[in-house]
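Undergrad: Okay, here's the structure, questions in a sec.
No value in this document is a laboratory result; all are computed from the given coordinates. None of these values were measured; they are calculated from a predicted model. Here Cβ is always computed from backbone atoms with ideal geometry, including for glycine, and neighbour counts include all displayed protein chains.
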Amino acid sequence: MAHKARHRGPVITMLWNTDLEVKTRVAIGIGARQKLSNILAQIGSGKRVLVLCQPSTAVHWLRDLLSVLPQEDYQVTTLEVPDGEACKSTDWLIRIWEHLQERKFDRRDTIVALGGGSVTDLAGFAASTYLRGLNLVLVPTSLLGMVDAAIGGKTGINLQSGKNLAGTFYFPKAVLADQELLSTLPENQFKSGIGEIIKYGMIEDTVAKTTDYELGPKRMLDVLDASLGNAFEHDDPGLSGIISSCIKMKLFVVAKDPQEANLRRILNLGHTIGHAIETLSDYKVSHGEAVGIGLFLDTKYSVKQKRIDKAALDKVEELLAKAGLSTSIPSGISKEKVVNVMGSDKKREGQSIKLVLPQTKLGVVDYDVTVPLSDLSKTL
């Protein structure tokens, strides 16, 4: 049974355009999911709708979501995929394609993804490749999905050798970020989302300088410093504003650089090391936990390179501790293995790799740094 949020506010809606002239409708706030039928009408969806979900989400929210889709308007089918990263496989991709083919989906029809980042990644890849493009609507149920995975048009599945090695850029027609869906999120997954939010705080000043994003009266790092550790939960009155700021940051960055030619690399702070840790842990370490470790180690490397002072590293460590996140590579994962996996990353350049690093102060980053893997190994 879902737990309703104690604090309710308005649903914020935005229409976002990228340089590729792709339009995405974004609704943020408690009750945003109830706009699904209206959204499908606005995007001109056909009658066929496939709702992709995972067991841990379906038990709480699937019936709720289906109730807003009138049977006289839509032919809705559902498909449950495994929880976590296990769904992001070629096997499940083919099963989705076959489901769509058997039910005669055409290009006007829609895939709706209800779930966390893994199911939105999979749904996006399936939607982008079947008939070379179906409508895609994302209803993220995790904090990580709301601030990152569902925003920005990246899709992907995993291969045995690494995370997201097969993927596309494909922008959803709509994203419905409903804070009430976080009421059933396990605590460790909520913490995972906080790891990604800390990343946004660490790039906020550079995003404001390079895009149309405007800094608020309080910097995100200061808001997090005051909020974390004080019973900060899904229905905290300040969380919707934090989610909104993260989404706006990502949207403004992606609008400038949809396909990661330059500026969009800023969003990779903490991720290159983080992805390696995720892969080596067989995804037992969550994305946000791994990114948190990556944020700490990236900052540590910046201190070593005299790009930023030691006080910044202490602050990152303090924020991660308040969120209940680690700063250390898990025991059993050697630094040599981490560096080897990083050597297979999409951002490698020979024996070096592109990193995003904190620069001068927290909130400012250099997103065009080439680091020798051997040098990074010493820091780890």
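Undergrad: Check residue 344: other-chain or 5+ apart residues with amide H under 5 Å from its amide H, H built from backbone geometry?
TA: HN-HN under 5 Å from residue 344: empty list.
Undergrad: Could you compute how fast the stretch 187-379 diffuses translationally, taking Rh as the Kirkwood radius over C-alpha pairs and applying Stokes-Einstein at 20 °C with viscosity 1.002 mPa s? Give it in µm² per second. Kindly include the intermediate steps, with their values, before the conclusion.
TA: Numbers: Rh = 16.8 Å.
For the chosen part, D equals 128 µm²/s.
Undergrad: Taking all pairs of different Cα atoms in the stretch 235-341, averaging 1/r and flipping that mean, what Kirkwood radius in angstroms comes out? It would help to have the intermediate numbers written out before the result.
TA: Working: mean 1/r = 0.0653 Å⁻¹.
That comes to 15.3 Å for the stretch 235-341.
Undergrad: Also, I was wondering about something else. What size of dipole, in debye to the nearest 20, comes out for the stretch 187-379 about its Cα centre when the only charges are +1 on Lys and Arg C-beta atoms and -1 on Asp and Glu C-beta atoms? Could you put the intermediate results ahead of the total?
TA: On the way: 26 positive and 27 negative charges, 126 e Å.
Once rounded to the nearest 20, the dipole reads 600 debye.
Undergrad: I would also like to ask the following. Mind checking which helices in the chain clear 15 Å along their axis (Cα) and have mean Kyte-Doolittle hydropathy of 1.0 or more, DSSP H runs only?
TA: Helices passing the filter in the chain: 239-256.
Undergrad: With +1 assigned to the C-beta of every Lys and Arg and -1 to the C-beta of every Asp and Glu, and no other charges, what is the dipole magnitude of the stretch 254-307 about the Cα centre in debye, to the nearest 20?
TA: Working: 8 positive and 6 negative charges, 78 e Å.
Dipole size: approximately 380 debye.
Undergrad: Mind listing the Cα extents of the stretch 12-184 along all three principal axes, in Å, largest one first?
TA: 40, 39, 33
Undergrad: Okay, next question. How do the peptides 42-51, 178-187, 111-120, 333-342 rank, highest first, by the average count of neighbouring beta carbon atoms within 10 Å per residue?
TA: Working: 42-51: 18.3, 178-187: 20.1, 111-120: 29.5, 333-342: 16.7.
By packing density, highest mean first, the sequence is 111-120, 178-187, 42-51, 333-342.
Undergrad: Using alpha-carbon pairs under 8 Å, 6+ residues apart, how would you state the relative contact order of the chain in percent?
TA: On the way: 715 pairs, mean separation 57.8, N = 380.
Relative CO of the chain lands at 15 percent.
Undergrad: What number, rounded to the nearest 500 deg cm²/dmol, is the helix-based mean residue ellipticity at 222 nm of the chain, given -39500 (n - 2.57) per DSSP H run of at least four residues and division by all its residues? Walk me through the numbers before you get to the answer.
TA: On the way: 12 runs with 151 residues, N = 380.
Theoretical 222 nm ellipticity from helices: -12500 deg cm²/dmol.
Undergrad: Principal axes first, then extents: for the Cα atoms of the chain, list largest minus smallest coordinate on each axis, whole Å, largest first.
TA: Projected onto its principal axes, the Cα set of the chain covers 64, 43, 39 Å.
Undergrad: Okay, next question. In Å³ and rounded to a whole number, note down the convex hull volume per residue for the Cα atoms of the stretch 290-380.
TA: In the stretch 290-380, the Cα hull volume divided by residue count equals 94 Å³.
Undergrad: Under a 5 Å amide H to amide H cut-off, with H placed in plane at 1.01 Å, what residues pair with residue 48 once short-range neighbours are removed?
TA: Those qualifying (amide H under 5 Å, at least 5 residues apart or on another chain) are 75, 110.
Undergrad: Determine the distance separating the Cα centre of the stretch 97-152 from the Cα centre of the stretch 48-70; give it in Å without decimals.
TA: Going from one Cα centre to the other spans 13 Å.
Undergrad: Counting only DSSP beta bridges with both residues in the chain, what percent are antiparallel, rounded to the nearest 5?
TA: Working: 18 of 40 bridges.
Around 45 percent antiparallel, to the nearest 5.
Undergrad: Let me ask something else about it. Distance cut-off 22 Å, Cα to Cα: go down the list 310/361; 218/248; 88/154; 304/354; 315/354 and report the pairs above it. Could you put the intermediate results ahead of the total?
TA: Working: 310/361 10 Å; 218/248 15 Å; 88/154 13 Å; 304/354 17 Å; 315/354 24 Å.
Listed pairs above 22 Å: 315/354.
Undergrad: Among DSSP beta bridges lying fully in the stretch 12-184, give the percent that are antiparallel, nearest 5.
TA: Working: 9 of 31 bridges.
If I count the DSSP bridges inside the stretch 12-184, around 30 percent turn out antiparallel.
Undergrad: Using Cα springs under 10 Å in a Gaussian network model of the chain, which residue among 271, 234, 99 shows the largest mean-square fluctuation?
TA: Residue with maximal mean-square fluctuation among 271, 234, 99: 99.
Undergrad: What is the magnitude of the charge dipole of the stretch 12-184 about its Cα centre, with +1 placed on the Cβ of each Lys and Arg, -1 on the Cβ of each Asp and Glu, and no other charges, expressed in debye to the nearest 20? Numbers along the way, then the final one.
TA: Numbers: 17 positive and 17 negative charges, 79 e Å.
The dipole of the stretch 12-184 has a size of about 380 debye.
Undergrad: Using the basic label-point model (7 angstrom from Cα toward the beta carbon), what is the residue 187 to residue 306 distance in nanometres?
TA: With each label placed 7 Å out from Cα toward Cβ, I get 4.5 nm.
Undergrad: Search the structure for amide H atoms under 5 Å from the amide H of residue 353, placed 1.01 Å from N in the peptide plane, and list their residues when 5 or more places away or on another chain.
TA: Here 371, 373 satisfy the definition.
Undergrad: At 0.36 nm per residue, minus the direct Cα-Cα distance, what do residue 214 and residue 360 gain on full extension? Give it in nm, one decimal, please. Please list the in-between numbers first.
TA: On the way: separation 146, 0.36 × 146 = 52.56 nm, distance 2.03 nm.
Working it through step by step, the gained length comes to 50.5 nm.
Undergrad: Using 0.36 nm times the number of residues separating residue 73 and residue 321, minus their current alpha carbon distance, what extension gain do you get? Display every interim value, and only then the final one.
TA: Numbers: separation 248, 0.36 × 248 = 89.28 nm, distance 4.91 nm.
So the chain would gain 84.4 nm between residue 73 and residue 321.
Undergrad: Given the Cα-Cα distance of residue 284 and residue 335 and 0.36 nm per residue of separation, how much length would full extension add, in nm?
TA: Stretched out fully, the residue 284 to residue 335 stretch lengthens by 16.6 nm.
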